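Trainee: Supplied in structure tokens, the structure appears directly below.
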Amino acid sequence: MITVRFFASLRERMGQEMRLLPAGPCTVREVWDLATDQAQPPTHLLAAVNLEYADFDAPVADGDEVAFFPPVTGGAA
Amino acid sequence: MITVRFFASLRERMGQEMRLLPAGPCTVREVWDLATDQAQPPTHLLAAVNLEYADFDAPVADGDEVAFFPPVTGGAA
Amino acid sequence: MIVGLRAAPFAPWSLLAEAEQALSPADRDGCGASSVFVGTMRADSGPAQVLRMHLEHYPGMTERMLARMADAACSRWPLRQVVLVHRVGWVAPGETLVVAAAWSAHRAEAFAACRYLVETAKHQAPFWKRECRADGTSSWVTANTPAPAE
Amino acid sequence: MIVGLRAAPFAPWSLLAEAEQALSPADRDGCGASSVFVGTMRADSGPAQVLRMHLEHYPGMTERMLARMADAACSRWPLRQVVLVHRVGWVAPGETLVVAAAWSAHRAEAFAACRYLVETAKHQAPFWKRECRADGTSSWVTANTPAPAE
């Protein structure tokens, strides 16, 4: 099983916060396609695998958590 | 009357803290010579006239306060 | 080291006093400089007054990133103490968003480390701001202000 | 603006909290960033432990220079609040020597103004340090540490 999470504006845009996908060796890009029915990825989309930033070509394995989110906007002005 | 003041290590080196000189139009350099019996000015000597940094060529007038001091060492490490 | 998230308002200057008091006598004797940044929520950042803001984060990843940034600062500069604390949840204008601070023997390292903490926390830690304005509108903040020129 | 000399030990973080509380509501709403530097007397700055230090100044000129530096910072950057306080007299290790702080809308201005205050106070304000060491020696500090590279 792979856990897919969406944060912030992306969560609202995709209309989902979390989703479980069947396991199977794949990449972050393939997880995106599967979880979003092949939606066009927004520009500046960021991804993380198991709480670490990851490229779209990074491998994903059974039990991994994959997160997608927009550019970060923390800190002060 | 011109008031001449010495600060910090310069005060110790010159063996005087303050001194009054007779008035008369002159420069900071001439005040130094008069107040120190023409001692060789140390390198990096600084001067102020009436609480403002001044060059050695700056004019000094009756009633002025002229101060001499070594490089400043305030603030933190 | 004081690193992490705060879900409720906190007093930045008291936190900094605590961080300094936590220094060992040896570290305290060696500390000549501390450089501090405190970021605060403004009420006037957009076209309409901002009434409140929601600071979303990625539980687990955000804490891990902040801890890594503090560790990286300590590896890169000879620091005696580090603070990196970021607010999450609902925030009102005037409340502290982030505190970054570094204590070192000399000011050059303290300044550099503090700047590093502020900029990496802002540009790499997973936080997202949603502003609620007096005119009833609400929107995600989409862009970071650029890093200051050196 | 809180600018001047202190002849006795003072608590830097309380001073900073006071400075922030002195902000008008409008200034507070517009303040997104504060950058702070606190300089502290170290015990280990020389070959032998420093027991205490005497900070001499030029009464009248020193205060005037500090006030001018704070005014210059406010002219150069859009600041909401400034602190520039320097200790004088006998100082013990661990005591605060200088506090410089700037509050502004954005961090770039706050950082730049704080750095400016720290460096100009150090290199232009008339202060002289004499260190008394554990080995019985005592000497004037003759050179400033250089300004940090940008």
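Each reported figure results from applying straightforward, stated rules to the coordinates on display, with no laboratory input. The structure displayed is predicted, hence computed values, not measured ones. In this analysis, Cβ positions are derived from the backbone assuming ideal geometry, glycine residues included, and neighbour counts consider all displayed protein chains.
Trainee: Is the stretch C:36-85 best put as rounded, prolate or oblate by its Cα gyration tensor, with a ≥ b ≥ c the root eigenvalues, rounded for a/c under 1.5, and otherwise prolate when a/b is larger than b/c, oblate when not? Don't skip to the end; give the middle numbers.
Mentor: On the way: a/c = 4.12, a/b = 1.90, b/c = 2.17.
Note, shape of the stretch C:36-85 comes out oblate.
Trainee: Please state the shape class of the stretch D:1-76: rounded when a/c is under 1.5, otherwise prolate if a/b exceeds b/c and oblate if not, all from the C-alpha gyration tensor.
Mentor: Prolate shape, in that a/c is at least 1.5 and a/b is the bigger ratio.
Trainee: Quantify how strongly other chains surround peptide A:31-42 by giving the mean number of their Cβ atoms within 10 Å of each of its Cβ atoms. Walk me through the numbers before you get to the answer.
Mentor: Working: counts 0, 0, 0, 0, 0, 0, 0, 0, 0, 0, 0, 0.
Averaged over the peptide's residues, the number is 0.
Trainee: Hydropathy at least -1.0 by Kyte-Doolittle, axial extent at least 15 angstrom from the Cα trace: which helices of chain D, defined as entire DSSP H runs, fit? Show your work: numbers first, answer last.
Mentor: Numbers: long enough: D:61-76 (22 Å, -0.17); D:107-124 (25 Å, -0.35).
Those that clear 15 Å and a mean of -1.0 are D:61-76, D:107-124.
Trainee: Consider the operator that turns chain A into chain B: which A residue has a Cβ nearest its axis, and what is that gap in Å?
Mentor: Of all Cβ atoms in A, the one closest to the rotation axis yields A:Ala76, 12.
Trainee: Run the label-point distances for A:Asp57 please: 7 Å along Cα to Cβ, every other copy, nanometres, shortest first.
Mentor: Label-point distances to the other copies, shortest first: 6.7 nm.
Trainee: Right, another one. Relative to the compact globular guide of 2.2 N^0.38 Å, what is the alpha carbon radius of gyration of the protein assembly as shown, as a ratio? Show your work: numbers first, answer last.
Mentor: On the way: Rg = 27.3 Å, N = 454, 2.2 N^0.38 = 22.5 Å.
Normalised Rg, Cα atoms only: 1.21.
Trainee: Hey, another quick one. Enter the mean projected area of the convex hull around the alpha-carbon atoms of chain C, in nm², rounded to one decimal. Walk me through the numbers before you get to the answer.
Mentor: Working: hull surface 35.9 nm².
Directional mean of the projected Cα hull area for chain C stands at 9.0 nm².
Trainee: For B:Leu46, go 7 angstrom from Cα along the Cα-to-Cβ vector, then report the distances to that same point in the other copies in nm, smallest first.
Mentor: Inter-copy label distances (nm, one decimal, shortest first): 4.6.
Trainee: Moving on to the next point. Any idea what the C:Ala26 label distances to the other copies are, label 7 Å down the Cα→Cβ vector, nm, shortest first?
Mentor: Nearest first, the other copies' label points are 5.4 nm away.
Trainee: Averaged over D:135-142, how many beta carbons belonging to a partner chain fall within 10 Å of each residue's beta carbon? List each step's numbers first, then the result.
Mentor: Working: counts 0, 0, 0, 0, 1, 7, 5, 6.
Taking the mean over all residues of the peptide, I get 2.
Trainee: What base-10 log of the normalised intensity I(q)/I(0) is obtained for the stretch B:2-69 from the Debye formula, alpha carbons as equal point scatterers, at q = 0.24, 0.25 Å⁻¹?
Mentor: Cα-only, vacuum Debye calculation for the stretch B:2-69: -1.06, -1.16.
Trainee: Another question about this same structure. Once amide H atoms are placed 1.01 Å from N in the peptide plane, what residues at a sequence separation of 5 or more from A:Gly24, or on another chain, have their amide H within under 5 Å of its amide H?
Mentor: The answer is A:Asp62.
Trainee: Expressed in nm², what is the orientationally averaged projection area of the convex hull enclosing the Cα positions of the stretch D:37-120? Walk me through the numbers on the way to the answer.
Mentor: Working: hull surface 24.2 nm².
The orientation-averaged projected area of the Cα hull of the stretch D:37-120 comes to 6.0 nm².
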